[in-house]
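Here is the structure we will look at.
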Amino acid sequence: MSPSYSIPTLETERLRLRHWDIRDFEAYAALRTDAALQRYLDGPVSKEKAWEDFCAEPGQWALRGFGVFLVAEKASDAAAGFAGLWYPPDLAEPELCWSLFPGHMGKGYATEAAAEAKRWANEELGLPPLMSFVHPENLASQKVAERIGAKFVEETTLRGTPQLFYRHS
């Protein structure tokens, strides 16, 4: 079922950045309930809380006109992760974020998806250079940020958690 608000579909060589669909929930829940995969974020959550968070993703599109895309493999349309703009009320500006679901890491998908979301935000929305928060121990996400042109600015905290603040060019 398509949403009643508009989420554009973006495509890269291997990926489709698209709207969220109920069929994507199990892959999302697998990420959010996994302690090892959530160690750099707010820790694992229950499947019920994962559902609430899942429902919030398309909600930001309805409220802000932009948000986080579901990232799917183009060949199969299998949910592989997410990338896009996260902009809760406690941030001064949108954050370019990305994450991959179990089974989709180590393929370069995060870099490919984040680069496309960044291009879209700049070219289609006309946003100034974006920022990203990355946990100091999350070396994989630090590499993604650097591969897509971000530069480390400073150490900071976000909601009580240490973070590295990156500015994208």
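Nothing in this text is a laboratory measurement; each read-out follows from the coordinates by a stated rule. The shown structure was predicted, so the numbers you read here are calculated from the model rather than taken from an experiment. Every residue, glycine as well, gets a Cβ built from its backbone with ideal geometry; the counts of neighbours run over all protein chains shown.
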Say each of D77 and A92 gets a label point 7 Å from the Cα, pointing the same way as Cα to Cβ; how far apart are those two points in nm?
-> 4.3 nm
Amide H to amide H under 5 Å from L158: which residues, 5+ apart in sequence or cross-chain, H placed 1.01 Å off N in plane?
-> Q163
Derived scalar couplings ³J(HN,Hα) [segment 38-55; Karplus, 6.51 cos²θ - 1.76 cosθ + 1.60; whole Hz; x for Gly, Pro] = 9, 4, 8, 10, 9, x, x, 10, 5, 5, 5, 5, 4, 4, 4, 5, 4, 5
Residue by residue through segment 137-144, the couplings from Karplus 6.51 cos²θ - 1.76 cosθ + 1.60 with θ = phi - 60°, in Hz, x for Gly and Pro, are 8, 8, 5, 4, 6, 4, 5, 4
Among the lysines, which have Cα under 28 Å from the Cα of K143 when same-chain residues fewer than 8 positions away are ignored?
-> K74, K107, K118, K151
Per DSSP H run of n ≥ 4, the term is -39500 (n - 2.57); total these for the chain, divide by its residue number, and report the mean residue ellipticity at 222 nm rounded to 500 deg cm²/dmol.
-> -9500 deg cm²/dmol
Residues with amide H under 5 Å of G67's amide H, sequence separation 5 or more or different chain, H placed in the peptide plane at 1.01 Å from N; which?
-> L85
Hey, if you put +1 on the Cβ of every Lys and Arg and -1 on every Asp and Glu Cβ in the chain, which of A140, L17, W86 ends up farthest toward the positive end of that dipole?
-> A140
Return, for the Cα atoms of the chain, the radius of gyration and Dmax in Å, separated by a comma.
-> 14.8, 42
Report the charge-dipole magnitude of segment 1-51 in Debye, nearest 20, computed about the Cα centre from +1 at each Lys and Arg Cβ and -1 at each Asp and Glu Cβ.
-> 40 debye
Counting Lys and Arg as +1 and Asp and Glu as -1, each charge on the Cβ, what is the dipole of the chain about the Cα centre in debye, to the nearest 20?
-> 240 debye
In debye to the nearest 20, how big a dipole does segment 96-169 give about its Cα centre with +1 on each Lys and Arg Cβ and -1 on each Asp and Glu Cβ?
-> 60 debye
For the chain, percent of DSSP beta bridges that are antiparallel (nearest 5) comes out at 95 percent
Which of N122, H104, V68 sits farthest toward the positive end of the charge dipole of segment 56-146, with +1 on the Cβ of Lys and Arg and -1 on the Cβ of Asp and Glu?
-> H104
